[in-house]
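Just so it is clear, none of the values below were taken in a lab; they were calculated from the coordinates. None of these values were measured; they are calculated from a predicted model. Virtual Cβ from ideal backbone geometry, glycine too; neighbours counted across all protein chains shown.
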């Protein structure tokens, strides 16, 4: 097998996982990233003032049912147990999320059993809505006006920057209720946090003699000619110099503050009231309960429309964006020598475990294609 010269654009999970696999297969891998650090939006750093290991771009909690992916991350970092137990402040009171039996009983001043709670909520639900089309329709049909106003409307309006009546019902994909006292935010079998952080994990993945990494290095398309193949995890519209326009994203602003002691007693506190400008406060020492810190570092999160110079977080994927995305996907299929990978290049919201799964699958396909003289497709997962 002839050694290929490969370029990974982006030193996040996609570029690191694909790069490591192909380096182990004997290829020469060069990874570039415009930022001054590896690990993309999973990047963590040790805060000098408090000693807390901070999630620089907002908290990332690892959860998966994928056994291979769980084994993969544990091979590169020790994962310790962590359950995400989110709280929310609404109308001057604190409740647990997702909305569960405790939340329902507390909110309505009841002591309902699971079957009683189901029947009770059904009396609150708007059963006249038989085919929910909007986020608001979906919420009113399943939880009713009281719970919707307290826990969903204000938060959603702040997070997405538009009225819930303008968002599709699909955003609220599943019934946002639990009729038991389970306040674990995720349902996956494996849940945890890396003992030394995600940056340490990615550093381990990149630790291979066949990999070189260049930070503070912006990619331009004319560099592609110097390599046999490019794996691009940057913005899909950016590859085409935004010829069809910019795909819509929400971005986050973080307001850092410190506190002597424990500020809120939990890792994540949402704020459901519309008049509170931020969506949540994250207290980062609680994401590593095995550590002990006298001081605390916290971030208030503010969601807004993403501008050209902002970091894109959440793809909007409404009607106009989907039409534009279709145009970019068609253009991408005509490109030679490049495969588009990861959340930005496929314009999808991806959890970390899914990102790693798709990267492993892509890398194996590439290994086979390079060995057999085949051609890699523009996408190994359909963005549409």
- Message: Need one number: nm distance between label points at residue 368 and residue 256, each 7 Å from Cα along Cα→Cβ, rounded to one decimal.
- Response: 4.6 nm
- What is the order of 97, 350, fewest Cβ neighbours within 10 Å to most? 350, 97
- Message: Given the -39500 (n - 2.57) contribution per DSSP H run of 4+ residues, what per-residue ellipticity at 222 nm results for the chain, rounded to the nearest 500 deg cm²/dmol?
- Response: -9000 deg cm²/dmol
- Quick one: Cα centre-to-centre distance for the stretch 87-145 and the stretch 168-204, in angstrom? 21 Å
- List the residues of the stretch 63-91 whose backbone N lies under 12 Å from a point placed 7 Å from the Cα of residue 102 along the Cα-to-Cβ direction. 85-88
- Message: Using only Cα atoms and rounding to the nearest 10 degrees, what angle (0 to 90) does helix 13-24 make with the longest principal axis of the chain?
- Response: 40 degrees
- If R0 = 41 Å, then residue 131 and residue 223, at their Cβ-Cβ distance, give a FRET efficiency to the nearest 0.05 of 0.25
- Query: Which whole-number percent is the relative contact order of the stretch 281-340 (Cα, under 8 Å, 6+ apart)?
  - Reply: 23 percent
- Item | In degrees, nearest ten, helix 352-372 long axis to first principal axis of the chain (Cα) | 20 degrees
- Note on the structure: So, with points 7 Å from each Cα along the Cβ direction, the residue 45-residue 166 label distance in nm works out to 3.5 nm
- Task: Specify the inter-centroid distance of the stretch 276-305 and the stretch 209-255, based on alpha-carbon positions, in whole Å.
- Result: 29 Å
- Query: How far, in nm, would the chain grow between residue 113 and residue 274 when pulled straight, counting 0.36 nm per residue and subtracting the alpha carbon separation?
  - Reply: 54.9 nm
- Item | Whole-Å distance, taken between Cα centres, linking the stretch 360-384 and the stretch 37-86 | 28 Å
- Sticking to Cα atoms, compute the Rg of the stretch 112-171 to one decimal and its Dmax as the biggest Cα-Cα distance, whole number, in Å. 12.1, 37
- Task: Of the DSSP beta bridges with both residues in the chain, give the percent that are antiparallel, rounding to the nearest 5.
- Result: 65 percent
- Message: Could you tell me the relative contact order of the chain? Use alpha-carbon pairs under 8 Å, at least six residues apart, and round to a whole percent.
- Response: 25 percent
- Ranked highest first by the average count of other Cβ atoms within 10 Å around their residues, in what order do 203-213, 256-266, 28-38, 147-157 fall? 147-157, 28-38, 203-213, 256-266
- Burial ordering of 381, 78, 268, 319, fewest other beta-carbon atoms within 10 Å first: 319, 78, 381, 268
- Message: If a paramagnetic tag sat 7 Å from the Cα of residue 145 along the Cα-Cβ line, which residues of the stretch 165-198 would have the backbone N under 20 Å from that point?
- Response: 165-166
- Message: Nearest 10 degrees is fine. How inclined is helix 67-76 to the longest principal axis of the chain, computing both from alpha carbons?
- Response: 70 degrees
